[in-house]
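A short worksheet on the structure shown next.
The values are calculated or read from the model by the stated rules, or taken from the named source; none is laboratory data. Treat the numbers as computed from the prediction; the structure is a model and nothing was measured. In case anyone asks, the SASA skips ligands and DNA or RNA and just uses the protein heavy atoms, side chains included. Shrake-Rupley method; radii C 1.70, N 1.55, O 1.52, S 1.80 Å.
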Amino acid sequence: MDLGPTEAARELLQLLPAAPRGSAAKHPLLARIVVSWTDVEPAAGRLDWSAVERAVEDVASRGLAPVICLTGSHPDYYGPGELPSPLASSGLDPWLRFVREGVGCLGSRARAFEVWDGPATSGFTPQVYAFLLKASALAIRAEARARGLREPEVAQGWVGRADLGWQQELWAHDSSPYVDALPVELDPPSPADAVAPAVVQLFSEAAAHPPAPELWVRFADRGEDDALAFAAAALGSPAGVVWIPAPIGAPRTPRLLRWASSLNDLVGEGFVPAPLAPARFLDAGGRQLAGARALAQLFDAETGRGLVLADLSRSGLAEDSDAWIELDAREVRGARFVDPAEGLDVPALTAAREGRPLLRLRVRPE
């Protein structure tokens, strides 16, 4: 989940229940928190990480793994419009001191540190950002070792798909060995059009510059429907992490949080993406439920279980009623039907309709 700035993250996390002590998940849900340099150092030499530490503690207490994005210039060290760089009047030393302080305060709880929020759109040239990224990655790892901490992962700052030329030039400056993750923002017209192919293309490009990083995929925010459908579509790609934006104060935020948490748990159970067969949702009378849609199909190779991930929020289907999923497939075994946002998770009984399998669902939200 992309939680945004620090204080907003603390407000958002009040919507999530605290996790029991000692119950860390094998596949924890990640929570990205953006930390601006001037927020923790309002004046030169006066660093105060307390607000960030409270946000990180909130994240950890709910079983989430913090990803800290360190970003922003500082007017006490750099001129108007000037970015931290080896070419700047103050060089990189002030920035690296900020980075090391961040690792010292947060490194014992942070899963990863991301170096800058969108460097390609912030005015960095690939050459200058390569210096910043390499120096920051070395500082992050060295500070963790010096404090006896587990070395956190290092993520490059996110790039858009339109920034592929910029990214290729960055790779030409030998940035790959310094990072563990590459966050990429996509803006496809629809989930079916380009999500998985776009990620495959980016993965192929990254693999050409070893060692290939894990891809973290995020999407330009265009509403709840897109957030659900794009995240589900990305499951069928080489993406290691799929970010779901959860804006503060938006009515959809609690539902997105439930969806992200449930989806993460399902993937942690051993389910992997499978091709989504064409599907229709029918009510008990055989009429199509126009507002219902299948978002993804998952499969557990070890047990043979299948799972249909869907969105019924606009179907108008009443509780404690029957519904059917008609799949264009020859055989469905051990299937479950899940709508993570609505809290539905029910086994499906198999029947037949004109030679096609039907999954009958008794809808009883938990």
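Ser89 contributes about 100 Å² of solvent-accessible surface, heavy atoms of the protein only, 1.4 Å probe. Here, the stretch 52-126 is characterised by an Rg to Rh ratio of 1.03, where Rg is the alpha-carbon radius of gyration and Rh the Kirkwood radius. Distance from the C-alpha centroid of the stretch 44-88 to that of the stretch 143-157: 15 Å, rounded to the whole angstrom.
Ordered by solvent-accessible area of protein heavy atoms (1.4 Å probe), largest first, the residues Arg32, Arg287 come out as Arg287, Arg32. For the set Glu41, Glu101, Glu185, solvent exposure ranked by accessible area (probe 1.4 Å, protein chains only) runs largest to smallest as Glu101, Glu185, Glu41.
Solvent-accessible surface of protein heavy atoms, probed at 1.4 angstrom with all chains present, puts His173, His74 in the order His173, His74, largest first. Accessible surface for the stretch 95-137, divided over its residues, is 30 Å² per residue with a 1.4 Å probe.
Working note: Cα atoms of the stretch 34-171, range along each principal axis, descending, whole Å: 39, 33, 24.
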